[in-house]
Amino acid sequence: GQSLEQPSEVTAVEGAIVQINCTYQTSGFYGLSWYQQHDGGAPTFLSYNALDGLEETGRFSSFLSRSDSYGYLLLQELQMKDSASYFCAVRDNYGQNFVFGPGTRLSVLP
Amino acid sequence: DVKVTQSSRYLVKRTGEKVFLECVQDMDHENMFWYRQDPGLGLRLIYFSYDVKMKEKGDIPEGYSVSREKKERFSLILESASTNQTSMYLCASMGQGTTYEQYFGPGTRLTVT
């Protein structure tokens, strides 16, 4: 079957750095995406990795290792507004089929 | 700015009713998706469409059907609603490109009683 694993909850303080891991087992792999969702809001796209390595976008970075079937989202200089759920998603070999992980709830404390 | 709108924010239906959820996007995107979101399960793909009148089953299509008669509109149909279809339903659209960024609508919280 297809499965993605993420920690269910992560807590950190303002200004800290936090890493949210994602491991996947899917029938195919075309890329790994990350989405942020605030309570009551719609998911919003953060990043997409198709190749191994680190992609940086401001305070957020995303990493992929295809050989390890593993990726992570790194959030730096945490702010209160970063408190949200974060989902990884794999685009598998059926073209536009995306499989999402269960989500990680990040709480940023003052 | 991409906009994806959904017909209702909250909906309450009775068991056995036929339910239509509509989604409209204004960016001329080829791809559209329907997901349901349940606590602890993340987003699960119900159906997607890569072109007008084209559709593909996702991971959990049972009990659902879809319609895409126009490029901007993608409808999800529950032929006979059941209580286990109580959920948050999210529509998304995505253009052809290399970032594979999906744009989500605000969601419809459906309760089936």
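Residue under question is B:Val12, and the condition is that it be open to solvent by 40 Å² or more (accessible area, probe 1.4 Å) and either among the β-branched types (Val, Ile, Thr) or without any contact (Cβ under 8 Å) to a residue 24 or more places away in the chain (or both); does it hold? It is true that B:Val12 is open to solvent by 40 Å² or more (accessible area, probe 1.4 Å) and either among the β-branched types (Val, Ile, Thr) or without any contact (Cβ under 8 Å) to a residue 24 or more places away in the chain (or both).
Selection of the range A:1-37 for residues being within 21 Å of B:Gly40 (Cβ to Cβ) and of a type in the set (Gly, Ala, Ser) yields A:Gly1, A:Ser3, A:Ser8, A:Ser33. Does B:Asp26 satisfy the criteria of being open to solvent by 70 Å² or more (accessible area, probe 1.4 Å) and touching a Leu at 6+ places or on another chain (Cβ under 6 Å)? Spelling it out, it is not the case that B:Asp26 is open to solvent by 70 Å² or more (accessible area, probe 1.4 Å) and touching a Leu at 6+ places or on another chain (Cβ under 6 Å). Among the residues that make up the range B:29-52, is at least one of them closer than 28 Å to A:Leu32 by Cβ and more than 14 Å from every other protein chain (Cβ to nearest Cβ)? Scanning the range B:29-52 turns up no residue that is closer than 28 Å to A:Leu32 by Cβ and more than 14 Å from every other protein chain (Cβ to nearest Cβ).
I'm trying to understand the selection: among the residues of the range A:19-68, which are on the phi > 0 side of the Ramachandran plot and open to solvent by 40 Å² or more (accessible area, probe 1.4 Å)? Matches in the range A:19-68: A:Gly40, A:Gly58. For the range A:77-100, a residue qualifies if it is more than 22 Å from B:Gly58 (Cβ to Cβ) and open to solvent by less than 60 Å² (accessible area, probe 1.4 Å), and the qualifying residues are A:Leu78, A:Asp82, A:Ser83, A:Ala84. Determine whether the range A:38-50 contains at least one residue that is farther than 24 Å from B:Gln37 by Cβ and not hydroxyl-bearing (Ser, Thr, Tyr). Yes, there is a match, as at least one residue in the range A:38-50 is farther than 24 Å from B:Gln37 by Cβ and not hydroxyl-bearing (Ser, Thr, Tyr).
The values are calculated or read from the model by the stated rules, or taken from the named source; none is laboratory data. Predicted, not measured: the structure shown is a model, and the values here were computed from it. With ideal geometry, Cβ positions are generated from the backbone for all residues, glycine too; neighbour counts draw on all protein chains shown. To get the accessible areas, we keep the full protein, side chains included, count just its heavy atoms, and leave off ligands, DNA and RNA. Shrake-Rupley method; radii C 1.70, N 1.55, O 1.52, S 1.80 Å.
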